[in-house]
Structure formats: structure tokens, C-alpha cells
1. For the ranges 162-168, 454-460, 660-666, 615-621, what's the packing order if you count other beta-carbon atoms within 10 Å of each residue, average per peptide, and put the highest first?
2. Using a cut-off of 22 Å between alpha-carbon atoms, which lysines can reach residue 305, once sequence neighbours fewer than 8 places away in the same chain are excluded?
3. Leaving ligands and nucleic acids out of the surface, order 411, 159 by accessible area at 1.4 Å, largest first.
4. Tell me which of 346, 231, 381 sits at the most positive position along the dipole axis of the chain, charges placed on C-beta atoms (Lys, Arg +1; Asp, Glu -1).
5. Per-residue HN-Hα couplings for the range 334-341, Karplus 6.51 cos²θ - 1.76 cosθ + 1.60 at θ = phi - 60°, whole Hz, x for Gly and Pro?
6. List the residues, sorted by chain then number, that are 5 or more residues from residue 59 or on another chain and whose placed amide H is less than 5 Å from its amide H.
7. Counting each DSSP H run of 4 or more residues in the chain as -39500 (n - 2.57), what helix-only mean residue ellipticity at 222 nm follows after dividing by all residues, to the nearest 500 deg cm²/dmol?
8. If you average the alpha carbon positions of the range 366-443 and of the range 259-305, how far apart do those two centres end up, in angstrom?
Amino acid sequence: MSSLARLAAAATAAGVVAAAIALPAVGGTGAAFVSASEELGIKPEALKEPPLAERTTVLDAQGNPIAWFYEEYRENVKLADVADIMKKAIISIEDYRFYEHGAIDIEGTVRALAKNLTSGGIAQGGSSITQQYVKQVLLNSATTEKEKNAALAPSYARKLRELRYALAVEEKYTKDQILEKYLNIAYFGAGAYGVEAAAKRFFGVNASDLTLAQAATLAGAVQDPNSTDPNLGKAQKDRLLKRRNVVLDRMAELKKITPEQAAEAKKQKLDYEGTDIPGGCSTSPYPYYCMYVRAEVLSNPAFGKTQVAREQFLNRGGLTIQTTLDPKMQRAAEQAIRKHVFAGDNPVAAEALVQPGTGAIKAMAASRKYGTNKRKKEMSINVVADAVHGGGIGFQAGSTFKTFTLLTALKKGYKLNDGLQAGSGYRAPYYSSFKNCKGENIGDPTHTVTNDEGGGGFKTLQTGTWESVNTFFVALEQKVGLCDTVKTAKSLGIKRSDGRPLQEYETFTLGINEMDPVTVATAYAAIGARGKYCEPMVITKITDRNGKVTNYRPKCRQALDPEVADAAADILSGVFTKGTMKGVGGIGRPAGGKTGTTDDQATAWFAGFTPDLAGAVSIGDPRGSQVHKLNNITIGGTYYGSVFGASIPGPIWKDTMISALKGVPPTEFTPVNPERFGGCGASCRPVQHNQDDDRGGDPFDDGEILTQLDE
């Protein structure tokens, strides 16, 4: 009996199912193994090969990459795009007879079997590249710790299972295809999966451009990528260098290179570049926008039924996500913010730009850098967005909410010059004077509303808005109905940043609810789009790893009568020429907007729009706006006794819009219908009789002067 046959017999007698038993016959010495495999009934078993985890690339609207998401940093590459010297190196050290044997290398396995029999366990692998590929597939497919442990278990049962799969893989693919798959699935260390990612991570080159020394380094790394991870320190680098030289010696021994080439390559330093792995939002040039995109995918059922499914879709899918981000508009927002607020200031300014008619978020910027370094005052939350998209509780929106009361009045038939007598103070005349949407009486006759901007006297919808008179708007809200005002706001997408229900009190119109710039900008964009509200949108197209394209369209609805939006736009345009923004001025094209300042300057806002672009700017102290108010404070190198909406947010918005819309032809607002809304401001269209007008006359014709206090 030959030594090979005796070895197999000894293994079988000991009750050990050796991996070598099931080898296809290759020459005379393989006969014993063919017989044993037939007796044991070992047959090929199809291997499930789920797609490899690939990185997802996020692009701006112009196709430039702005972020990457991945569970494993991998870039799949064709074998033709891998340097020949890399193929030679990996085959030489891992499976030098790869193109000659079947699913497993008989000589290597017999050698490993002999070692394993004497050690009492699996001390030596002897795996072919095909078997290694199978092992990696099983490991990558594992979703539980139990499955991962089974894929790595030092047992003959695992070896036998891998062999069955390997036999099937060899039947299914050519050798070149198997090598390509192996090079793409293998882990090389330093967070790099696959040869393309490893070439970039280790040496800053593509796999097609690897040199002999570089290829030998990567080929050496796959045996034990954790102990030779050059990113971990000097000891690991030293081990990797020694391993590289082992590969070079083996290549010379197999005559894949000359001894002189090996000696020359050994003289070279390791030259590990440690090229940064393009990563998530922390490394993105637009971190707040990146956070919004990531959160949108992870929270939206359109991208997967479960949280786990959505995470796999984003981090493993190899997607290309096209977004709405406009680099020019993003730069405009960033530059405007930096001009007025410094990164080291305690208050933080945030701005969102939204396109009317689509809801496309064109830019998201903030004065603070994104990060976790508190000493550098970095922000770890998305101050531009709501909590669902990585934000926090937000800031009270102040007088920007007066616009929703104005819109409600216009919806109910109020004309531009309708008005009421507003005092310097206002109290609800009785508890039932205000009702929330549950029908509960919430009017508080003990609370006095006073004016921060503007004074008392007779105010119209125009002058009350331009001067931002608190007492006028609370009285107007009583007339048009608190609940109807809340409904108007909700129809324009208004919801609290923290996700809690809106607070429905008489001070709703004064902006007591915490908001985020994206939500407010999107609401104001609807006015610029003549009442067409579109949900915030950041993703326009996703291309999967197979080239399948899914396009995403805006989700819009007509939230306001277009003529109501026209009238509101006309009034809000006067804020720049006759109101709280008069000192700041306009942007050289039709625009409307509203300043917002909360009690005692806790926060300040400006929200504005044109038919082409809308934006909202907030400023407040993230340490706690009610405690750290914007009084007697230096921001952006300028001292402010008190910060109002026109102090910082307004100028940021103005500078942003001028730059963002440079080169974009201005679009005019649609003129107000004077028959429906009476006298108008900047422009009116010709009077046309409206036979459906059943408003029933002037809503203020009873001449009522609501409770006013001159306190």
C-alpha cells in the first residue's frame, strides 16, 4: 500500500473526515481519494453567493462625489483591471497550482492532512483559492454570531462542507472568474476589502498600477490581515514587510520573477500610504447635507421595509445616489454664514435652501464644523434639520409663524388693507376666545402679549406684517381661528423639529414651536410656488450595482389657493422696502420674507423666498437658547445689544440669495388679484369680475376693537 493510501486509511479509521478525501482524481496518487469520495457520497453542493458588500457613493446634482457609505470599504474590479504581477503574487503564495488542480490542491491538502493528524486538530489549512473564496462567502453571508463562528470553526465538518461548495464553484466558473471573485472578496487589512480598495488604501494607486513590491505586499497581507495591518503600528508594519519578502522569495522560487527582481524589490521600503478611506459624513465636505441623505434612506420605508433592510441597502448595496445639492448654492450659504458668524461663537447659525415647486434641498450649511470635539465647538447633530434627519430639538421660530396667520386671513377673504386696532399689549378677553384643534379653550386672560418690534395703533394686513406687530397678529389669530391657523401651517409641512405635537396656544402665531431651517424654508418655498407645497427632497436618482436606475420625483400638492399665495407674496415683499428688513434691503429681484425674533431674543430667524429659491436662517445657542440669549453678545466679531431677525439672519439670507441666484434670470411674482384682495402693494393685475366671490363683505366691518392694554 502506498504512503498516500495508508495516510487516507489511517484518517478514515480514526473517524476523521479529511478534506483531502473528496478530491477529483489528478494523476495516479489521486485514485485512492476518488474511491473514498465515492464511498462517502460527497457531491458538489451549490453555494449561495449573495452580492458582496460594496460602498455606496453619494453625488451632488452635478455628479461630483460628496460622501461614501459602506459596511466594508470595497470597490469591485474586473480581473483585466488587476496588474498581472498582482495575479502572479497572490497565486504564488496562496495556491501556486491554482490553474492546474480542481477544487482543491491534492499535494497541499495531503501535506496539511499529515500535519493535522499529528497535531490532533487542524493546524494547517492547505486551502486552495477556490476554498478560500468559499470560506469568505460563508463568512460574508453570516448574519449572526453563530453563523460566523460556524464559518470559522476548526473542524473537518466545516472543511467537508467547504469542499462540497468548492466542487460546485469549480463547475460553475472558470479559473479566471474564481480568481476575480477571490481578489474582490479578500480582506487585506487596514479596513480595505478587495484588491482595488487595498491598492488605494495601502499605496494610493489602482490595482492595475501595482508594482512588484506593492503586489507582493498585498499578497502577503491576506494570510493574516489583522496581525499585518500597517495601520495599527510599527510591529504590524514589520510583520507585513517580512511577509512581503516571503512572497518575493516564493515568486523567485517559482520563476515568476528573477532572483534579481526579488532582491531589488526587497530593498524597497514598505511605503504604506495609509490613504484615507473615503467615509461617511465626518469626512464629507458637506456633512450636514450628508447626514440628511443618510437619515432619509434609513428612515424612509421607500428604501426598505425594515431598519435592517434599509441599512443593508445603504451600506452594502454598491449604490450611486444622485442628490439635489447645488455646489454653487452650497458655497453661497457657507460663505454668507462665515461672513456674519464665526465657528468659535457660542451661537450657531444654520441655513437651508429649497427650490420652490420641487422641494429640492439645494444647500444645508451651518457656522459650526461637524464633529465631536467639544473644545473646538464642533456640532455632532444636524442643526439644519429635524430630529428624524439627525437634528435636535431645534429653535423657536419666532415671528416667521405670523405668515401662517396672514395666509389664513387671506384664505378667509381678508383684503390687504383690512385691519384692526392693535394696542401695545394684548390679553385674551376670555378663556374661550381661543380654541385648539381639540376644541379645548386655551385663551389665557392673565397673560399679556407685548410688542418687540412695531408699535400699536390701527394696522392692516400689510402694515401689521411689515412692522411685525405681535398684538396685531394675536388679535388677528383670534379672529381667523387658532385651529385654522395651525391647519394652514400643517398644510405647508410645519411640524416640530423634535417630532412632538405642535403646541397650540394663542402664542402659536408668535412662533413658540421649535423648528429647523429645512422645515421652515420648505413652507416658505410653497408661497414662492404659488401655493404648491412639495415635501423636502434630497434624492433624485439611485443606480444600483447592476446599473438599474430608479428615479425619484417631487411629492407635491396644492396646499394654498394660488391667488392667496400671490397676495401673501405681495405683502411679504414689502418687508424689504417698508418693514423690518428695510435697513438691510432687498436682493435686486422680486422676493418676500419675514423676520423672526423670540421673546427677549432667545433666537432669531429670517425666512424668505423668490419664485426660484427659498431659504431659512436660524441663530441660537445650542447650550440652551432660553438660558443663553442673544443679548449683549459679540457674534462674528460684531457686538450686538440685542439680536433680531434683521440683525444677522436677514443679512445672511440676503448675501446667500444674491450669490446663489447670480446668473439666474429673475422670475416675477404673479400680481395680486385686486378684485379679490382690494388695494395691493407693488403690483396688481387688471380687475376681473369673480362671480364665485362669496366672502360676504369686509370681515372687519363690525368695527370691533379687540381688547388692548397700554401697559
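1. Numbers: 162-168: 24.3, 454-460: 18.0, 660-666: 13.7, 615-621: 29.7.
Highest mean packing first, the order is 615-621, 162-168, 454-460, 660-666.
2. Result set, ordered by chain and number: 541, 548, 555.
3. Values: 411 95, 159 15 Å².
Accessible-area ranking of 411, 159, largest first: 411, 159.
4. 231
5. 5, 5, 5, 5, 4, 5, 10, 9
6. When sequence neighbours closer than 5 places are left aside, the close amide H contacts are 66, 321, 322, 323.
7. Working: 23 runs with 261 residues, N = 711.
Value at 222 nm, helices only, nearest 500: -11000 deg cm²/dmol.
8. Their Cα centres are 41 Å away from one another.
The values are calculated or read from the model by the stated rules, or taken from the named source; none is laboratory data. Predicted model, so just to flag it, every value in this text is computed and none were measured. With ideal geometry, Cβ positions are generated from the backbone for all residues, glycine too; neighbour counts draw on all protein chains shown. In case anyone asks, the SASA skips ligands and DNA or RNA and just uses the protein heavy atoms, side chains included. Shrake-Rupley method; radii C 1.70, N 1.55, O 1.52, S 1.80 Å.
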